[in-house]
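Each remark here refers to the structure printed beneath this line.
The values are calculated or read from the model by the stated rules, or taken from the named source; none is laboratory data. Given the structure is predicted, the values throughout are model-derived calculations rather than measurements. Cβ: placed from backbone, ideal geometry, glycine included. Neighbour counts: every protein chain shown. What goes into the accessible areas is simple: the full protein's heavy atoms, side chains included, and nothing from ligands, DNA or RNA. Shrake-Rupley method; radii C 1.70, N 1.55, O 1.52, S 1.80 Å.
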Amino acid sequence: MCRVNAEFKRITTINLQSKFFSSLDSTSLIDVYTKKGGVQGKKIKSIMLPITQTDSIDVRRECILKGLCVYANEDPEKLVKEYMSIDNSSQTAMAETVFGIFVIRHEGAEPGDDPENVGIILEGVEVLDELGNVSFAVAMMFALVYALNLSYPPELKFTFEALQKIMMELDGNRLSTKGQVLKTLLSRA
């Protein structure tokens, strides 16, 4: 993890964690989400529900990131895959994952409960684990993709565009229409 942070800073001169978390914590995404109507608005409201059940900053950040996927009309389960325990079926599913974050939770876990494990899978290989929470795992995944010059997965390209160009302010001059709309809404919120 230290090497990922160091490489990201070497490439961008930005401290990954402080910029990522301060952007996530200070963002007006929740304000933008509450104005979203229709099916997406309902999905976002259900994703944001755990925020009302706990004061955990990790839960808040996780909800904001999953909400960003839905807002971008992408499936948050393509980014974060949750399992209740490690068994043969979850190991098989993880081995078949091309790109994603895995979260292993205790049976009956409450929103504020720490997961058993959080990690990153690339090409079916667990590249990082014991990351502690989803938001840190997303930051590490973003840094890995950026530092290794990998392509964002097509099913999450708008989510990662928002993270890179709006939240992290990297290469923000060229945004897709969807990204530009979000950036405009955030500036007005």
| task | Could you tell me, in Å, what Rg and Dmax come out for the Cα atoms of the range 42-98? | result | 13.2, 34
| Calculated FRET efficiency, Phe21 and Ser89, Cβ-Cβ r, R0 30 Å, to nearest 0.05? | 0.35
| For the range 80-189, what is the largest minus smallest coordinate of the Cα atoms on each principal axis, given in angstrom and ordered from greatest to least? | 45, 30, 19
| remark: Taking Rh as the Kirkwood radius computed over alpha-carbon pairs of the chain and applying Stokes-Einstein at 37 °C with viscosity 0.692 mPa s, one gets a diffusion coefficient in µm² s⁻¹ of 194
| Put a dot 7 Å past each Cα toward the Cβ at Leu150 and Leu170; how far apart are the dots in nm? | 1.3
| request: Hey, could you grab the Kirkwood Rh for the range 24-124? Inverse mean 1/r over distinct alpha carbon pairs, Å, one decimal. | output: 14.5
| query | Out of the range 105-138, which GluC sites (Glu not before Pro) are coil in DSSP terms and have no more than 10 other C-beta atoms within 10 Å? | reply | Glu107, Glu123, Glu130
| query | Quick one: with all protein chains in place, what share of the accessible area of the chain is carbon or sulfur, to the nearest percent (1.4 Å probe)? | reply | 50
| request: For Thr159, Thr54, Thr13, write out the residues from largest to smallest accessible area, computed with a 1.4 angstrom probe and no ligands counted. | output: Thr13, Thr54, Thr159
| query | When ligands, DNA and RNA are left out and all protein chains stay put, how many square angstrom of accessible area per residue does the range 98-189 have with a 1.4 Å probe? | reply | 48
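Defining a contact as two alpha carbons under 8 Å apart and six or more residues distant in sequence, what relative contact order in percent does the range 52-105 show?
Contact order relative to length: 33 percent.
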